[in-house]
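The structure appears right after this line, and notes come after that.
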Amino acid sequence: MIDWTWLLSTSAFAVAMSATPGPNNTMVVASGATYGFARTMPHMLGIAAGFPVMLIMLGTVGLPLLADPRVHAVLRWVGAAYLLWLAWKITTADPDPGTESVATPGAATPVTSGRPLGFLQAALFQWVNPKAWIIAAGALATYTRDAGGASLAATLLLALVFGFVAIPCVALWTLIGVGTARLLRSRRSVRLFNLAMAGLLVASLVPVLAE
């Protein structure tokens, strides 16, 4: 039987962790501003599916990884390198020519350079996302022992909660990016916005690398 107090507590934690700024949300804001909502959907779904899968794997067979400092060190630097590459990709992305707010009136449709992150890329990114590891470690340690049942059942339910919560959270951040793009009047302003998002992505590495 489900412990509703546990479920409410877990849901509140998932909302707090999923809705606050971090690499995933920064990336979908930039993608929404550059490519629009529809083209960012695979990225959003990849986040919503990838993190729960990561939780299940860590909660069942990967618990020793969470306790191994060598694994943390490797993932920290691999994650940092990948985030820097993503920051460069965001910086160099060309605004979607189909976005009305940044299209040049009367001009021929330009060719867009770059593509938004796909479903599989976004799902696999969770494994090198420093914030995802911090959330996973905290969630598994705190909530998989309070569900009044087997650890596996608690882990599966925890993953389900995060999956459901992630969808509206990343969708909201993507809409913020789409709305911001509509306020920007030129490709140059969108690129400057993307540069700011890339800067925030790089800044998110500071506390991780400072450990």
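The values are calculated or read from the model by the stated rules, or taken from the named source; none is laboratory data. This structure is a prediction, so every number in the text was calculated from the model and none was measured. Note that we place each Cβ from the backbone using ideal geometry, even for glycine, and neighbour counts take in every protein chain shown.
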### Task
Report whether or not G199 is at pLDDT below 90 and not in a helix (DSSP H, G or I).
no
### Task
Give just the number: which of (1) at pLDDT below 85; (2) within 18 Å of the chain's Cα centre (by Cα) does P69 not satisfy?
(2)
### Hits in region 68-79 (condition: buried (at least 17 other Cβ atoms within 10 Å of the Cβ) and among the small types (G, A, S))
G79
